[in-house]
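S.K.: Starting off with a structure, shown below.
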Amino acid sequence: GEEGGFKFSIPENPITDTWKVEKIIENGVSDLALCDIDNDGELELATIEAFHGNTCIIYKKTDNKYKCVHEIEIDFGHVIWGGKLGASDHFILGYRGGDMKLLCINYIDDKFSTTLIDEATGPSQISVKTVENKSIILAANRQINQLAIYEATE
């Protein structure tokens, strides 16, 4: 939402107890995902800013606040996912404008790295499923009216 990014803490009894709501990102956000991309035991946060915006920002929690550690310029950001691909955590980022890329972001040797999965496709949504030793990425490539299946292995 345009109001920022929020963390909702679900109480033990979500019907009768009070939920804790905490604003963690000040900027307008359309999508966000969490994963431990740098393998330090703390989840990093990746966002698309502003709403379907032109920037992907990766935040690291420092001093109990999320601080920007990496930015990627995009065009009409539409999907971000975080989780395991093989043995390590990655973010997958897709956008529907410009060159309409689907990207895989990882963290190797103390720096962020981006790998192109596909381009000229305009992904609007993805889903990831791990089967045995490979991860299957399903992408709804709206701009070209296609459902694509990608395999990721170590």
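S.K.: Could you list, in sequence order, the residues of the stretch 5-34 that are assigned to a loop (DSSP other than H, G, I, E, B) and of a type in the set (V, I, T)?
M.R.: Start the filter on the stretch 5-34 by keeping residues that are assigned to a loop (DSSP other than H, G, I, E, B), which leaves 10-19, 26-28.
Result: I10, I15, T16, T18.
S.K.: Moving on to the next point. Quick check on my filter: what residues within the stretch 60-76 are basic (K, R) and either out of contact with any Leu (no Cβ under 9 Å at 6 or more places or on another chain) or surrounded by fewer than 16 Cβ atoms within 10 Å (Cβ to Cβ) (or both)?
M.R.: K61, K65, K67
S.K.: Do you know which of the residues in the stretch 77-114 that are closer than 15 Å to D36 by Cβ and polar (S, T, N, Q) is most open to solvent (accessible area, probe 1.4 Å)?
M.R.: S88
S.K.: Sticking with this one: Could you please tell me which pairs satisfy a Cβ distance under 7 Å, a separation of 6+ or placement on different chains, a first residue in the stretch 1-20 that is without any contact (Cβ under 8 Å) to a residue 24 or more places away in the chain, and a second residue that is of a type in the set (V, I, T)?
M.R.: Final answer for the pair search is F6/V21; F6/I24; K7/I24; F8/V21; P11/T18; W19/I10.
S.K.: If I filter the stretch 115-150 down to residues being part of a loop (DSSP other than H, G, I, E, B) and without any contact (Cβ under 8 Å) to a residue 24 or more places away in the chain, which single residue comes out as surrounded by the most Cβ atoms within 10 Å (Cβ to Cβ)?
M.R.: Among those residues, the one meeting the criterion is E119.
The values are calculated or read from the model by the stated rules, or taken from the named source; none is laboratory data. Because the structure is a prediction, the values reported are computed rather than measured. Using ideal geometry, Cβ is built from the backbone for each residue, glycine included, and neighbour counts are taken over all protein chains shown. Side chains are part of the model used for accessible areas, which takes the heavy atoms of the whole protein and leaves out ligands, DNA and RNA. Shrake-Rupley method; radii C 1.70, N 1.55, O 1.52, S 1.80 Å.
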